[in-house]
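J.: Provided herewith is a single structure, encoded as structure tokens, for subsequent inquiry.
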Amino acid sequence: MTTLSPNSRIYVAGHRGMVGSAIVRQLQARGCNNLITRTHAELELVDQAAVRAFFAAEKPEVVILAAAKVGGILANNNFPADFIYDNLMMQCNVIHEAYRTGVQQLLFLGSSCIYPKLAPQPMPESCLLTGTLEPTNEPYAVAKIAGIKLCESYNRQHGTDYRSVMPTNLYGPHDNFHPANSHVVPAMIRRFHEAVQSGADEVVVWGTGTPMREFLHVDDMAAASLFVLDLDREIYLANTEPMLSHINVGTGTDVTIRELAETIAAVTGFSGRLVFDTSKPDGTPRKLMDVSRLADMGWRARVQLRDGLQDAYDWFLDNAHVVRG
């Protein structure tokens, strides 16, 4: 296995996001202090000329593309043009300018929403492009699929070493705890916390509680990302295919929404009743990643769900002034 040199000029796009910030922390812990970062205000990745000038000036040796326009179902439904345009442009600009300036190593971070709505469970990498996508986030998913294909196409035509990882549902420090547009884990953490603070005797959870979901702590995602980036090229190529090169990242296990709610109740100290509002939608019955490809290469998730949720809640408490929303 190769390892990133402490002196490598590594550009982390999206370093303020949940995943990007976790990757930066782990790189710094390794002694990689020659990191290149830019805030959105400092560099608009949708602007091709700005990205070209940035790469020409900074000349990074390694690129980690964790920047993306993200949002929940409501945002994806209301702003589909923004989600497909912004993500396509960011990816095209960063990947192309990386190639133009001689970057040989690049890691692209995608999403499990790339898979068909009715994908087999658990979802193997091979089910990509085998069926219809979930309509509510199709524009975002199409953009992420294009990112994978960009990496593969530059590899095939130009001999670059651009790799892609697809995470399952992520949670942890620097998550979005907004009351209206956050994902299920941070939304529940906030709801249960506020129930404890107000002395409420019940918390309402949408749906029946029976759907099953997989959750990966962001520190595990960061570790997996660097593991894949570090892999010897021969090992990576032996375990992937030129036109099926992305790698799933998850725990390989899932829990019911009821089990998740019960665990978050315990973490936050809520001892009241759970009420399941069955008039609300459940969504897909199950969404689990097949992580055997990554396991065969030697990596498995380490953070247990209970411990990870405690870590996420501790961060929420420490940053309550930031996440009030």
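The values are calculated or read from the model by the stated rules, or taken from the named source; none is laboratory data. Keep in mind that what you see is a predicted model, and the values were worked out from it rather than measured. Please note: Cβ atoms are built from the backbone with ideal geometry, for glycine as well, and neighbour counts cover all protein chains shown.
J.: Taking ARG52 as the residue in question, decide whether it is of a type in the set (Lys, Arg), farther than 26 Å from ASP220 by Cβ and either part of a loop (DSSP other than H, G, I, E, B) or in contact with a helix residue (DSSP H, G or I) (Cβ under 8 Å, 6 or more places away or on another chain) (or both).
T.: yes
J.: Where residues in the range 232-254 are assigned to a loop (DSSP other than H, G, I, E, B) and either in contact with a strand residue (DSSP E or B) (Cβ under 8 Å, 6 or more places away or on another chain) or at positive phi (or both), which of them is surrounded by the fewest Cβ atoms within 10 Å (Cβ to Cβ)?
T.: So the residue we want is GLY252.
J.: Of the conditions (1) under 14 Å from ILE264 (Cβ atoms); (2) modelled with pLDDT of 95 or more; (3) of a type in the set (Val, Ile, Thr), VAL184 fails just one. Which one is it?
T.: Evaluating VAL184 over (1) under 14 Å from ILE264 (Cβ atoms); (2) modelled with pLDDT of 95 or more; (3) of a type in the set (Val, Ile, Thr) leaves (2) as the failure.
J.: Quick one: which of VAL218, VAL228, VAL249 is modelled with pLDDT of 95 or more, within 30 Å of GLU61 (Cβ to Cβ) and touching a His at 6+ places or on another chain (Cβ under 8 Å)?
T.: VAL218
J.: Is there a residue in the range 204-213 that is farther than 24 Å from TRP315 by Cβ, in a strand (DSSP E or B) and charged (D, E, K, R)?
T.: No, the range 204-213 contains no residue that is farther than 24 Å from TRP315 by Cβ, in a strand (DSSP E or B) and charged (D, E, K, R).
J.: Ok, one more. Out of the range 3-47, which residues are of a type in the set (Gly, Ala, Ser) and more than 21 Å from ASP219 (Cα to Cα)?
T.: Across the range 3-47, the qualifying residues are SER8, ALA41.
J.: Assess whether SER292 counts as being surrounded by 14 or more Cβ atoms within 10 Å (Cβ to Cβ), hydroxyl-bearing (Ser, Thr, Tyr) and within 20 Å of the chain's Cα centre (by Cα).
T.: no
J.: Does THR210 satisfy the criteria of being surrounded by fewer than 17 Cβ atoms within 10 Å (Cβ to Cβ), touching a Ser or Thr at 6+ places or on another chain (Cβ under 7 Å) and either hydroxyl-bearing (Ser, Thr, Tyr) or at pLDDT below 95 (or both)?
T.: yes
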